[in-house]
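Q: To start, I am sharing the structure in question, which I have written as structure tokens.
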């Protein structure tokens with residue numbers, strides 16, 4: 001597989017690539033750069049800066065965006081729209097922000113928060129849309145850096161990791177929509193620190209391994225299938241998209257790297273795969289039902 005550069009940038013902490021099919025466009029954020037990006041099929045790159053640190057986001061059933069951040073959750077009806085505040089379950093907690101998340105098969109959001117990355121202050125929340133406002137529920141506490149949250153293509157499993165532990169867990173998604181107990185799915189090698197992840201239609205888990213310049217592909221049985229080397233040392237997250245869902249986009253981080261580090265660090269990379277990604281679930285936004 002040939003890795004190419006989609007957009008040459010200088011992002012301290014690029015994260016959360018997402019394919020938006022209606023626009024045929026890629027979206028991602030630079031968290032510490034406080035910027036949301038959109039890359040259109042024409043090659044046009046748009047950037048929007050916020051007064052907060054944007055983090056993971058999801059497109060909703062009405063094509064709006066639910067954006068998490070250092071100041072709670074917001075809704076944007078389109079790229080240029082005014083931000084509509086929804087909820088902040090960690091209001092008043094200084095030094096905390098949201099980090100990585102996914103959408104469950106029933107349309108609920110699962111998002112994790114992070115503190116300084118050194119202390120276990122991170123919390124996994126479940127968010128459910130209600131016409132009168134977004135509700136939140138604590139799933140788990142005690143995380144340091146929550147990452148790799150995504151679902152299997154058949155909707156039976158939800159993955160999650162606490163990056164410093166170097167173990168990826170999975171939880172059964174029950175018929176009730178609740179998450180079952182965690183079980184260890186994959187134990188990383190010494191140089192593998194799991195960051196953001198995505199699944200393909202065969203159920204394989206594609207994981208950005210922060211700090212080791214690679215993506216690791218893991219089978220549904222928890223076996224390492226391959227390692228894909230990257231020209232960027234700190235890949236942060238991957239996502240499938242494009243017309244055939246076979247394009248993998250990789251965000252990267254330049255934070256902590258020397259000034260003369262190669263330009264791929266802090267840029268957005270891409271490669272063509274031979275497998276389709278699983279369809280990303282949309283967050284349910286329905287103003288007519290509770």
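Values quoted throughout were computed directly from the atomic coordinates according to the rules given, and no laboratory measurement underlies them. Keep in mind that this is a model prediction, so the values were computed, not measured. Every residue, glycine as well, gets a Cβ built from its backbone with ideal geometry; the counts of neighbours run over all protein chains shown.
Q: Just to be sure I understand the model, the point goes 7 Å from the Cα along the line to the Cβ. What's the resulting residue 93 to residue 274 distance in nm?
A: 4.5
Q: Defining a contact as two alpha carbons under 8 Å apart and six or more residues distant in sequence, what relative contact order in percent does the chain show?
A: 19 percent.
Q: Hey, in the GNM for the chain with a 10 angstrom Cα cutoff, which one of 250, 146, 218 fluctuates hardest?
A: Answer for the Gaussian network model of the chain: 218.
Q: How large is the convex hull of the C-alpha atoms of the stretch 20-82 per residue, in Å³?
A: 75
Q: Viscosity 1.306 mPa s, temperature 10 °C: give me the Stokes-Einstein translational D for the chain in µm²/s, with Rh taken as the Kirkwood radius over C-alpha pairs.
A: Here the translational diffusion coefficient equals 85 µm²/s.
Q: Counting other C-beta atoms within 10 Å, which of 199, 2 has the fewest, and how do the rest follow?
A: Going from least to most buried by this count: 2, 199.
Q: Going by average Cβ density within 10 Å per residue, which order do the peptides 262-269, 38-45 take, highest to lowest?
A: Order by mean packing, descending: 262-269, 38-45.
Q: Could I ask something else about it? To one decimal place, what Kirkwood hydrodynamic radius in Å is obtained for the stretch 147-244 from all pairs of distinct Cα atoms?
A: 13.5
Q: Can you classify the stretch 68-119 as rounded, prolate or oblate using the Cα gyration tensor, where a ≥ b ≥ c are the square roots of its eigenvalues, rounded means a/c under 1.5, and otherwise it's prolate if a/b beats b/c and oblate if not?
A: Oblate shape, in that a/c is at least 1.5 and b/c is the bigger or equal ratio.
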